[in-house]
């Protein structure tokens, strides 16, 4: 992008990158129905007032993090309570993240690194995917980038207002998700490992941490007084090492190529006059043999700490306490650091090599986006199925079968779309209180709803059901199949 930058002002290139980022995040934004993780914040945000939101938060939100639902609450007041409005906040967070990554890359290194970092974040499959969901993860990535931008800016100057804003950003991290505590620990390590590079003294830094502690203390206990809603088992080390794959797409071979690029960027000598390199914001250089400049590793160390500390702490926590490590969304907020390290490597390559890499990265991202973000059957289309049920079977009981009967969260998604007038039950409860029983308050008609993934049902219809229900007919929706039945009144339910 350095060649392009000579022909086109850098801000025009940045605008073009932001247009790409916006397009990828807005396309098909409202096509898929919400899934359970999105239903929870939408239910919270649709409460009539913040007090009602906070009461419901402790009942349905496993993380109990209040900041994003409150922001989403006021966002929906401005733009309406639709699914698209809820997701649009995340899309905006995703685009602002790309702009912040450019700024961070420019401050740590130079304009080409900032532009390459912005490009990689704009097309990153994981960052795009979670910018299309109403959950808090895109918000968490944005607040993470803001906090690191503020810390990095303290290398130039540290007025009191900036120190206070930095402390507020760390507190916002904690109020956005319990994982924010791990990122605050990464900030502490980054500062302590590079104290001389910052204009903020140790005493001032400790004062900022005290402000963070005072702001966060009233809420941290709510993260620790209950077990997590879902655990996934302790995973071998290869899953930790494979964390970055989703940020670029590809497989382990792609990861090895990216690691090689990052290593190249870390060790490559930059050549040029001191005047040429003075454009690098806040960077320190040692001049060797006249025109060869060796970069001190402050910038790289900051990015490595940002990228590595939180996943390692989460992985360790998963082995000594609750096993949480695994879902990509839990480590999403380290993605910008990884992509900036990769951008640094790309910007250090000879010019003829950079642009094929840019095309290859776009192709990899496109393949992964097609499979994991834009696929029409990625999520069960409860919006269409609910409209069909209300129009044709308004008095039916809807029984939701799940691949995980112990945590049948699909029931909550069905209830969200069908509303309180339709009786929605998990299979286990339907067997205890069958349709037709006075306690079920429903008619004898039953709609069995089963998710479909890659053309296969995620849960099998138990053969015993045919003893109790007369099954006949079905209706297909993207990611969802409805089967219709009536209860056999002459047969006792178990």
**OP:** Based on a Kirkwood Rh over C-alpha pairs, give the Stokes-Einstein translational diffusion coefficient of segment 2-73 at 37 °C and viscosity 0.692 mPa s in µm²/s.
**Re:** 216
Subject >> By average C-beta atoms within 10 angstrom, highest first, the peptides 75-84, 306-315 >> reply: 306-315, 75-84
Subject >> Cα→Cβ-extended label distance, 7 Å offset, between residue 301 and residue 202, nm >> reply: 1.5
Original post:
Taking 0.36 nm per residue of separation and subtracting the Cα-Cα distance, what length does fully extending residue 391 through residue 231 add?
Top reply: 53.8 nm
Original post:
Got a sec? Which residues in segment 121-147 would a label at residue 60 touch, if it sits 7 Å along Cα→Cβ and we count backbone N under 15 Å?
Top reply: 134-136
Original post:
Per the Kirkwood definition applied to all pairs of different Cα atoms, how many angstroms is the hydrodynamic radius of the chain?
Top reply: 24.7
Original post:
Hey, what's the Kirkwood Rh for segment 122-268 if you take every pair of different alpha carbons, in angstrom?
Top reply: 17.7
Original post:
Ratio of segment 92-158's C-alpha Rg to 2.2 N^0.38 Å, to two decimals?
Top reply: 1.12
**OP:** Have a look at segment 301-368 and give its Rg and Dmax from the Cα atoms, expressed in angstrom.
**Re:** 15.5, 49
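Full-extension gain between residue 238 and residue 31, please, as 0.36 nm times their residue separation minus the C-alpha to C-alpha distance.
71.0 nm
Given R₀ = 35 Å, what would the calculated FRET efficiency be for residue 181 paired with residue 466, taking r from the Cβ atoms and rounding to 0.05?
Computed FRET efficiency for residue 181 and residue 466: 0.10.
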Subject >> Computed lengthening from residue 267 to residue 15, 0.36 nm per intervening residue step minus Cα-Cα distance >> reply: 87.7 nm
**OP:** Give me 143, 245 ranked fewest to most by other Cβ atoms within 10 Å of their Cβ, as a rough exposure proxy.
**Re:** 245, 143
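What number do you get for segment 290-432 when its Cα radius of gyration is normalised by 2.2 N^0.38 Å, N = residues?
So the Cα radius of gyration is 1.67 times the expected 2.2 N^0.38 Å.
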**OP:** For every helix of n ≥ 4 consecutive DSSP H residues, a contribution of -39,500 (n - 2.57) applies; sum these over the chain, divide by its total residues, and give [θ] at 222 nm rounded to the nearest 500 deg cm²/dmol.
**Re:** -18500 deg cm²/dmol
Original post:
Sorted from fewest to most neighbouring beta carbons within 10 Å, what does the list 34, 256, 445, 146 look like?
Top reply: 256, 445, 146, 34
Subject >> Exposure proxy ranking, count of Cβ atoms within 10 Å, fewest first, for 224, 471, 89 >> reply: 224, 471, 89
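Each value in this text was obtained by applying a stated rule to the coordinates, not by laboratory testing. Keep in mind the model is a prediction, meaning the values are calculated, not measured. We place every Cβ from the backbone using ideal geometry, glycine too, and count neighbours over all the protein chains shown.
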